[in-house]
Amino acid sequence: MSKLRQSLPGLAVIVLLLAAWWMIVKATRSVIFPTPWQVVTGIVELIRDGTLWRHIGASLGRVGSGFLLAVAVAVPIGLWMGWVRGVHDTLNPLFQILRPISPIAWIPIAILWFGVGNASPIYLIFISSVFPMIVQTVAGVHTIEKRYLRAAENFGVSRHTLFTQVVIPAVLPQIIVGMRIGLGVAWLVVVAAEMIALRSGLGYLIMDSRNAGNRYDLVIAGMIIIGLIGLMLDGLMRLLEGLKIVRWRYVH
Amino acid sequence: MSIKIEVEALRKSFATDNGALAVVDDVSLQVADGEFIAIVGPSGCGKSTLMRMMAGFMPPDSGRVLIDGAIRTCPSPQGILISQHGSVFPWLTVQQNLMFGLNGALSMSEKIAIADHYAGIVGLRGFERSYPHELSGGMLKRVEIARALAVKPAILYMDEPFSALDALMSLRMRNELLKILAQERHTVLLITHDVEEAIHLADRVMVLSPRPTRIQATFEVKLPHPRKLTSPEVQQLRVDILRSLGVDADAA
């Protein structure tokens, strides 16, 4: 009940926005900009002819591959950089320069290197999500409380035990934060990447709907679906925060 | 009785913005095997620094620490440090914490048996699968002590182990510690600012001077266990120790 009450103001804003949108379109008698209802029928149309699932599947597939590749690279590198001072000092300057470059700026080079197939957007997703995850993992290692490391040193445990039972579990909550940020960025980027010369994906759907006959109902339908899937992806990552092994980080 | 710990002319100073700050100034002491020594001193006098040097966590500027006649320069499972803030790993269950320091040569079932045995000794039976955040402060201390006992250390270094607990729990933990030590004799060094706690537990109480610290007085506690804290002997000892700390207990 209190949860419902909590979400009421947020819902109210959305409803108000929809109403205002509807009224403005009606009042201006726009022939290009669709009403919310036309967007709904647009979504239904996309569901009926099956193209919606194809586009969603294509986008999710690219995000999934690029993101998992980034996790596989960022976590070991982040742990290594966090643990070994020399590695940090060697790699950090390069990463700090690469990190602020917008993934959009990589598009021409991605096309040059990988052509216009699936590899280009996967590369763009990789490059955009790998740095935030490295940064979070390094920060996670650097903020392990000294008392835990001291205890591990005191018990004289092997390197293997030190890593599997102290360092990695201590950093895991930060890795998950990094993954949340990384996946969020990845989803932003895939849509932008698909606007360039691919024949599938939600980004392609938006550009194609505009180019092929000013179907702005489908443009907005695509935008809303992107937003909803982004929300779901974030919710999925938040589920990881409920894992027993990281619960300790979120109590108190 | 043989000498377990021999501390020879330890000195330590730290570099600060205002030059070197002498913290420990020429401390020498000997601890017999199985003896319980309490070290009391004014806050900030360098008690913890002294203990860290004795446990091998911090190199002294000069002087040396001998354990069983051999120079100690790094921490070892032979001497486990239990600190005020605790270092029970929050991401491991009670049982996993107790198994943490156990040698890799033991089989899993042997480790579990040892962990469960010590969980029983400190009264944590039934909580083996709990995570630390599900336990109270007193129970956490028990985990900390049990984890130390499980590796059968020759020496326990206890740095204000009960100071974060309330008075009642602290008293209860003292009694439990005495009970455990009656079963398994360890050499114990206890740092405390609680004079009563020192008299309750120790065979000898050493009083440290303000910084830079040195041993100012030593009191033998010849009373048999269990000690009655309200007895005139204990009260007299308390007054004497407080006086050597510069506090007039009668006037207070």
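Just so it is clear, none of the values below were taken in a lab; they were calculated from the coordinates. Predicted model, so just to flag it, every value in this text is computed and none were measured. As a convention, Cβ positions derive from the backbone with ideal geometry for all residues, glycine included, and neighbour counts pool all protein chains shown.
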(message) Please check: in the Gaussian network model of chain A (C-alpha springs, under 10 Å), which one of A:Gln174, A:Gln96, A:Gln136 has the largest mean-square fluctuation.
(response) A:Gln96
(request) Amide H neighbours of B:Ile39 under 5 Å, at least 5 residues apart or on other chains, H built in the peptide plane: list them. (result) B:Leu190, B:Ile191, B:Thr192, B:Met206
(message) Can you compute the label reach from A:Ala12? Point 7 Å from Cα along the Cβ direction, backbone N cut-off under 16 Å, restricted to the range A:20-41.
(response) A:20
(request) Give a quick list of GluC sites (Glu not before Pro) in the range B:177-252 that DSSP marks as loop, anything other than H, G, I, E or B, with at most 15 other Cβ atoms within 10 Å. (result) B:Glu184
(request) Quick one: check the C-alpha center-to-center distance for the range B:13-34 versus the range A:1-69, whole angstrom. (result) 69 Å
(request) For the range A:131-153 and the range B:52-117, compute the distance between their C-alpha centroids and round to whole Å. (result) 21 Å
(message) How large is the Rg to Rh ratio of the range A:2-58 when both quantities use alpha carbon positions and Rh follows Kirkwood?
(response) 1.13
(request) Report, to the nearest 10°, how far helix B:167-183 tilts away from the longest principal axis of the Cα atoms in chain B, using its own Cα long axis and a range of 0 to 90°. (result) 70 degrees
(message) Please give me the summed charge of the neighbours of A:Ile32: other residues whose Cβ is under 15 Å from its Cβ, Lys and Arg +1, Asp and Glu -1.
(response) +3
(request) Name the most mobile residue of A:Gly42, A:Gly50, A:Gly140, meaning the one with the largest mean-square fluctuation, in a Gaussian network model of chain A with Cα contacts below 10 Å. (result) A:Gly50
(request) Report ³J(HN,Hα) in whole Hz for each residue of the range A:181-192, in order, from the Karplus equation J = 6.51 cos²θ - 1.76 cosθ + 1.60 where θ = phi - 60°; Gly and Pro get x. (result) 5, x, 5, x, 5, 4, 5, 4, 6, 4, 5, 5
(message) With n ≥ 4 as the cut-off for DSSP H runs, can you work out [θ] at 222 nm for the protein assembly as shown, using -39500 (n - 2.57) per run divided by the number of residues, rounded to the nearest 500?
(response) -17500 deg cm²/dmol
(request) Give me the number: length gained by fully extending B:Gln84 to B:Asp166, i.e. 0.36 nm times residue separation minus the C-alpha to C-alpha distance, one decimal in nm. (result) 28.2 nm
(message) For a quick check, take a GNM of chain A with Cα springs below 10 Å and name the residue from A:Gly86, A:Gly66, A:Gly213 with the largest mean-square fluctuation.
(response) A:Gly213
(request) Can you tell me the equivalent ellipsoid semi-axes for the protein assembly as shown? Use √(5λ) from the Cα gyration tensor, largest first, whole Å. (result) 64, 25, 21
(request) With a Förster radius of 60 Å, plug the Cβ-Cβ distance of B:Arg125 and A:Arg29 into 1/(1 + (r/R0)^6) and report the FRET value to the nearest 0.05. (result) 0.15
